[in-house]
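A short worksheet on the structure shown next.
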Amino acid sequence: MFTISISGFVALYIFMLAAFAGWVIIGHVPAILHTPLMSGSNFVHGIVVVGGIFALLNASTVLEQAIGFFAVLLGAGNAAGGFAVTDRMLAMFQISGHQTEHAKPRLAKKG
Amino acid sequence: MFTQIPQLTIGATDLAAALLFMYGLQRMSSPVTAPSGIFVAGVGMLVAVLASFLYAFDVSAAAKPFLLVNIALAASALIVGGGLAWWSGRTVAMTAMPQMVALYNGMGGGAAGAIAAVELFGNKAHGITQLIVTLLGALIGAVSLSGSLIAWAKLDGAINKPLRVRGQQVFNGVVMLATLATGGYLVVAATGAADPLIGMPNLICLFFGLALVFGILMTLPIGGADMPVVISIYNAFTGLAVGLEGFVLQNPALMIAGVVVGAAGMLLTLLMAKAMNRSVANVLFTNFGAAATHKQGTIKGCLKPTEAGDAGIFMRYAKEVIIVPGYGLAVAQGQQKLYEFVKLLQAAGVTVKFAVHPVAGRMPGQMDVLLAEAGVPYDLIFQLEDINEEFATTDVALVIGANDVVNPAARTDKSSPIYGMPILNADKAKQVYVVKRGQGKGYAGIVNALFYGDNCNMVYGDAQAVLVKMIEAVRGLGLSAAA
C-alpha cells in the first residue's frame with residue numbers, strides 16, 4: 001500500500017520541479033554566502049548515504065557487501081563532513097555589535 | 001497492516017527530509033537565518049538516515065541470511081566514515097576549506113557510483129530505462145569521484161603544475177567515447193536477455209575504470225586558479241548522480257535532494273564563471289596558464305616603497321578607508337591583526353569598509369568566511385558591485401595580499417589574459433597602499449599597473465608583520481596625544 005513506484009514521466013516531473021526549486025533557491029543567495037552554500041549543498045547530496053544503506057542491507061554476495069559498505073562509508077563521510085564544515089562557517093557570520101560574545105571563544109578554541 | 005509500518009515510516013521521513021533540505025537551503029540565503037538553515041537540513045538528514053535502517057524489515061529473500069551482518073556493516077561504516085569526516089571537518093583550518101569540500105564531494109560521487117555498482121553487479125535494474133539511468137549515474141558519480149580527488153590534490157598542493165600534453169583533448173575525447181561505447185554495449189547486450197549482466201563483470205569493471213580515468217584526465221590540465229569552478233561543477237555532478245541513483249532505487253528523497261543540488265550547483269558554477277569573465281567551457285577546455293606568457297606592455301612609473309608605520313598613521317587621519325583583502329592575507333594569517341587595526345581606525349572615527357572580490361581566496365566567498373572567522377561583522381563586508389563606485393571618493397584603498405583582482409589591465413589591456421574580468425577599482429582611490437611580500441607577480445603571472453601608479457605606495461613585508469607595525473604606530477600616536 002505504501003510502496004513507492006516512480007516511472008517514466010513521473011520521474012521527469014520530479015526532476016523538473018526539483019531542478020527549478022534548486023535554481024530559484026540559489027538565485028537569492030548573496031555572494032558573501034557562496035562558500036557556505038557550496039558546502040551546504042554538498043552536505044545535502046550526502047543523503048546518498050540512505051541509498052547506500054538500502055543497497056548494503058539488500059546485498060547478498062560478498063562483492064555486493066563490500067561495495068555497499070564502501071557506499072555507506074563514503075556517503076556518511078559526505079554527510080557528516082559537509083555538515084561539520086558548513087555549520088562551523090555559518091556560525092562565524094556575525095553582525096556589528098554581536099561579535100564579541102560569540103566569535104571570541106570560538107577563535108580562542110582554535111588557538 | 002503491521003508489515004507496512006516500516007515502509008510508511010521510511011516514506012514519511014524521506015518526505016520530511018526532502019522538505020527540510022529545501023527549507024534549510026532557502027534559509028541559507030541570508031547570513032541571519034543561515035545557521036538555522038543548516039541545522040534544519042541536518043535534522044532532516046539524521047531522521048532519514050535513522051529511518052533507513054527500517055529497510056531491514058523488507059529486504060529481498062536472497063539477502064535475508066546476510067541481514068544481521070549487513071546491519072552491522074552499515075552501522076560500522078556510518079560510524080567510521082561519519083566520525084572521521086566529522087572530526088576532519090571540525091578541525092580543518094578555514095584556509096583549507098576548498099579542498100575539504102572537494103574531498104567530501106568526491107565521497108558523495110563515489111557513494112553514488114558504488115550504489116550503481118551494487119545494482120549492476122547484482123543485476124538488480126528492472127528494465128532498460130533503469131539500466132540506462134544506473135549507468136548514467138555511475139558515469140557521472142565516478143567522474144565526480146576521481147575528478148574531485150584530483151581537485152583536492154591540486155588545492156592541497158600535492159599536485160602543483162597543470163599537466164598538459166599535445167593532443168590531450170583528443171585523447172580525453174577518445175576515453176569519453178570508449179566509456180560511452182562500453183555503457184552502450186552493456187545496454188544492448190542486456191536487451192532481451194534473461195540474466196544478461198551476470199556474465200559481464202569484466203565489462204562493468206572496464207566501464208567504471210574508464211569513467212574514473214576520464215575524471216582524472218579531465219581535471220589534470222586545469223590550473224589551480226580555476227579549481228573553484230571545477231569543484232562547483234563536480235558538486236553539481238554528484239547531485240545529479242545521486243538524483244539518478246535515487247530514481248533507480250525508487251527513492252524520491254534522493255531524487256529531489258540530488259537534483260536540487262544539481263541545479264543549484266550549475267547556477268553557482270555559472271555565477272562563478274561570470275565573476276571571472278569566462279565561460280564554463282573556457283575553464284574546462286583552454287589552458288589559462290599558457291596564455292599568461294604573453295608579452296607584457298611597458299608600464300610607466302616606478303614602485304614607491306613606504307614604511308608600514310607611516311601608512312598606518314596616514315590611514316588614522318583619513319575619513320574613509322576601503323580594505324581589499326586577498327588570499328595573501330590568509331596565507332600570512334593576518335585576518336585577526338587586520339581586524340584589530342580596523343577597530344583602532346574605527347575608534348578614531350575612520351569609516352572602514354571591506355571590498356571583497358567574488359573570486360578572492362581559493363573559492364568564491366572564501367574571503368568572506370575568513371574575515372568572519374576573525375570576527376569582522378558582515379555588515380562591513382561589501383561585494384564588488386556594491387562598493388566599486390565608492391573607490392573614486394574614498395581617501396585610502398588598502399590592498400592586502402590581493403593582486404590580479406585589482407589589476408587595471410583587466411579594464412584596458414586587450415592582450416592581457418585577465419582582460420574583461422570585473423576588478424575592484426582600487427586604483428581610483430586618492431591614495432593606495434599595497435601590502436605585499438615582495439615584487440613578485442600574482443597568481444596569473446601578470447604585471448600590475450596599479451603598483452606603478454602615482455597614487456600608490458608599496459608596503460613590503462609579511463601581511464601580519466606589517467599590520468603589527470601599523471597597529472603599533474597608531475597606538476603610539478594615541479599615547480603621545482594623551483600625554
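Bear in mind that the values in this text are calculations on the coordinates, not laboratory data. Computed from a prediction, not measured in an experiment: that's the story for all the values here. Heads up, the Cβs are rebuilt from the backbone with ideal geometry, glycines too, and the neighbour counts pull from every protein chain shown.
So here's what we get for this one:
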item	result
Centroid-to-centroid separation of the range A:70-97 and the range B:225-247 [C-alpha atoms, Å]	17 Å
Euclidean distance of C-alpha centroids, the range B:34-86 and the range B:374-431, integer Å	47 Å
Gain on full stretching of the segment that runs from B:ALA75 to B:GLU340 - 0.36 nm per residue minus C-alpha separation	90.7 nm
Overall form of the protein assembly as shown per C-alpha gyration tensor (a/c, 1.5; a/b vs b/c)	prolate
For residues of B:82-93, the mean tally of beta carbons on other chains within 10 Å	6
P(r) histogram, all alpha-carbon pairs of the range B:209-274 included - 5 Å bins from 0, percent	4, 19, 20, 19, 19, 12, 5, 1
Computed E for B:ASP310/B:ASN277 - FRET, C-beta separation, R0 30 angstrom, nearest 0.05	0.25
Contour excess over end-to-end distance, with Cα ends at B:VAL174 and B:ARG411 and 0.36 nm allotted per residue	81.4 nm
For the range B:346-433: rounded, prolate or oblate by the Cα gyration tensor [a/c cutoff 1.5]	oblate
Pairs beyond 23 Å (Cα-Cα), from B:LYS343/B:LYS428; B:LYS319/B:LYS343; B:LYS161/B:LYS274; B:LYS304/B:LYS430; B:LYS353/B:LYS430; B:LYS274/B:LYS304	B:LYS343/B:LYS428; B:LYS161/B:LYS274; B:LYS274/B:LYS304
Modelled label reach - B:ASP379, point 7 Å along Cα→Cβ, the range B:20-64 residues with backbone N closer than 20 Å	B:29-36
Full-stretch length increase - B:PHE285, B:LYS64 - with 0.36 nm per residue and alpha-carbon distance subtracted	74.6 nm
Cα centroid separation - the range A:1-27 against the range B:104-178, whole Å	24 Å
14 Å cut-off, amide nitrogen to a point 7 angstrom out along B:VAL32 Cα→Cβ, residues in the range B:360-381	B:378-379
Share of Cα-Cα pairs in the range B:318-380 lying beyond 16 Å, as whole percent	40 percent
Chain B: relative contact order as a whole-number percent, Cα under 8 Å and 6+ apart	13 percent
Three-way shape call for the range A:1-72 based on the alpha-carbon gyration tensor, with the a/c threshold at 1.5	oblate
FRET efficiency, A:MET16 to B:THR129 (Cβ-Cβ, R0 22 Å, nearest 0.05)	0.85
Separation of the B:LEU50 and B:TYR419 label points, Cα + 7 Å toward Cβ, nm	6.1 nm
Taking only Cα atoms of the range B:294-420, radius of gyration then Dmax in Å	15.3, 47
Modelled FRET efficiency - R0 30 Å, B:ALA158 with A:VAL62, Cβ distances, 0.05 increments	0.35
